Amino acid sequence: MKCQHCDKTATFHITELTHPDGPAILHLCEEHARTFFNQEGPAHPASALTNLLSKQLKLEKVTEELANVDKKQCPMCGITFAEFRKGGRLGCPYDYIAFEDDLEPLLINIHGATTHSGKAPHNLSGTPQRQFRLKQLKEEMKDAIQKEQYEVAGKLRDRIASIEQGELLENDDPESPLADDDFQSEPLEPPSDPQST
Amino acid sequence: MKLEELAQQTGEWMRGNGPESDIVMSSRVRLARNLADFPFIRKCTPQDRAAIAAAVRRAIDALPLGSETEFVDVSKLGDLDRQFLMERQLISHELSEAEGARAVILDPHERFSIMVNEEDHLRLQVMQSGLDLETAWKRMNELDDLLESKLTYAFTKKLGYLTACPTNVGTGLRISVMLHLPALVATKQIEKVFRAFSKINVAVRGLFGEGSQFMGDLYQVSNQMTLGKSEDQILQRVSEVIPRLIEYERKAREFLVEESRDDLHDHVSRALGILCTAKKISSEETMHYLSKVRMGVNMGLIDSVAIPTVNKLFMHTQPAHLQKLCGQKLSVSARNTERANYLHQHLSENGGADPKRN
């Protein structure tokens, strides 16, 4: 049998099960097989990731749902899920909180796991929740100044300073940002059903 | 430290000693880390990038590390210098080609490097000659602890170290072993091995040359999963796989000898002959023949050349190295002539043998 790309003998007979249109059978010579394996290989992690993402999302979500997921936006850095999907790179640490439900199936696909096990830094104050809380407080302070509520602004300033100096928040690393007692501002996206994945 | 000084030395990972060094070139451990106070790189403003580089520099200067290492501003380097650092695997293609503030902190002995503003704010890597993942990880862990004492990393208990790409989240750990597998290539078994390995979630890719061009029969084996397994477990996993690959390569070499020792001897000797006598030679062709020579030396078929010399030539015949070593920019054609000269000098009868060989 000849290679389907040239006149050489096909020595590789590949059945590709992950092909989007069902199993595909390929007959390739050694050289073309090499090219084939390389393009499928992990040489370009970003493109492999976007492929994985689009495959997975197509499988699991209907178009309408997909469009809704794509519109989701991180309140911290402003990146949309669609932008992440295209580039394969997140915009800020808070994306892991903002897109938690949508990233979870992806993490399972890549790592076969959803929780970290292993080393942790001694300084645990680098949580995205804390960064987000600081951003909120700073906005509130700016707002208070604009409204000439200087006493409120002063209190907020002190609160910001103490958080910046490493004061531990009550729920510094909660399962969900909404569990934080400190969390007074309105959530920026409608709370979705936590079971919906 | 000048980059020219680096060009003269071989660097840790090309030393060619350490366990299993006839097949394993080097062990490499990488960690991805991000500072909690900044967005990931794609959302960084030019000011953010500059602030990250400055924060990392301050942190390192506050440690003994500061006086022992060189902080290199990659945005100020010319094309040749950037390519030179890439050929030495001290910086990545991504860091070399990026725009804006970015840097690399270099250990003068090239046992580690720290990239700043690559895909993640920090990419730490530790290199060790031969197969020695334990030592590489131990040194990496110490380096990480040092930096962590001065910097606040983006981290949650649930997901671990947060990274720009979800493929690195958790430990942020990538363990890679670079292997020289000429006999598996010659016996056409390499694709089969690749496929077997991808099933157990270990990635194998060619080194040197972008994408599909695998040069010099050098392959890198690394873990794919970073989340859910501890650093030790990941280390364990890669450590289990490598001896099998080494065994496959050794068997393939035995097979080549059994098939025809004379043919093999002829094959590797001709490779050496071409390298010694060519008047113009490309870097691809050089890698191709150097690989055969390396196998010939390791199998006792060539004794006029020592392994450290071969390893050095792998590096020194790369385009940027060649130009650094001769101190001027050269056209492709002039490089091919210069490369042939360089090879001739180092491989001809008295040039290549190293009396201290292993």
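The values are calculated or read from the model by the stated rules, or taken from the named source; none is laboratory data. In this text the structure is predicted, and so the values were computed from the model without any measurement. When we count neighbours, we look across all protein chains shown, and the Cβ atoms used for this are built from the backbone with ideal geometry, even at glycine. These area figures cover heavy atoms from the full protein model, side chains too; ligands, DNA and RNA do not enter into them. Shrake-Rupley method; radii C 1.70, N 1.55, O 1.52, S 1.80 Å.
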statement: The one condition B:SER75 fails out of (1) in contact with a strand residue (DSSP E or B) (Cβ under 7 Å, 6 or more places away or on another chain); (2) polar (S, T, N, Q); (3) not in a loop (DSSP other than H, G, I, E, B) is (1)
Residue list for segment B:307-335, filter: open to solvent by 40 Å² or more (accessible area, probe 1.4 Å) and basic (Lys, Arg): B:LYS312, B:LYS329, B:ARG335
task: Having 3 or more residues that are modelled with pLDDT of 90 or more and open to solvent by less than 10 Å² (accessible area, probe 1.4 Å) is the bar; report the helices (runs of 4 or more DSSP H) wholly within segment A:78-141 that clear it.
output: A:100-111
task: Looking at (1) part of a helix (DSSP H, G or I); (2) within 14 Å of chain A (Cβ to nearest Cβ); (3) modelled with pLDDT under 95, find the lone condition where B:ASP37 falls short.
output: (1)
- request: Restrict the check to segment A:48-60 and report whether at least one residue is modelled with pLDDT of 75 or more, open to solvent by 20 Å² or more (accessible area, probe 1.4 Å), at the interface with chain B (Cβ under 10 Å from one of its Cβ atoms) and under 24 Å from the mean Cα position of the chain (by Cα).
  value: no
- request: Test B:GLY160 against the criterion of being in contact (Cβ under 8 Å) with a residue 40 or more places away in the chain, within 7 Å of chain A (Cβ to nearest Cβ) and open to solvent by less than 10 Å² (accessible area, probe 1.4 Å), and give yes or no.
  value: yes
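Just checking, how many residues over segment B:257-290 are within 18 Å of B:ILE302 (Cα to Cα) and open to solvent by 40 Å² or more (accessible area, probe 1.4 Å)? Full working, then the answer.
Residues of segment B:257-290 that are within 18 Å of B:ILE302 (Cα to Cα), as a first pass: B:257-258, B:260-277, B:286-290.
Checking the rest, the ones that are also open to solvent by 40 Å² or more (accessible area, probe 1.4 Å) come to B:257-258, B:261-263, B:265-267, B:269-270, B:274, B:277, B:288-289.
The qualifying residues number 14.
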task: For segment A:98-112, enumerate the residues that are touching a strand residue (DSSP E or B) at 6+ places or on another chain (Cβ under 8 Å) and at the interface with chain B (Cβ under 9 Å from one of its Cβ atoms).
output: A:HIS111
query: Within the group B:THR187, B:THR171, B:THR167, which residue is of a type outside the set (A, V, I, L, M, F, W, C) and closer than 30 Å to B:ALA271 by Cβ?
result: B:THR187
- request: Can you confirm whether segment B:42-49 contains a residue that is over 29 Å from A:GLN131 (Cα atoms), in contact (Cβ under 8 Å) with a residue 24 or more places away in the chain and open to solvent by 20 Å² or more (accessible area, probe 1.4 Å)?
  value: no
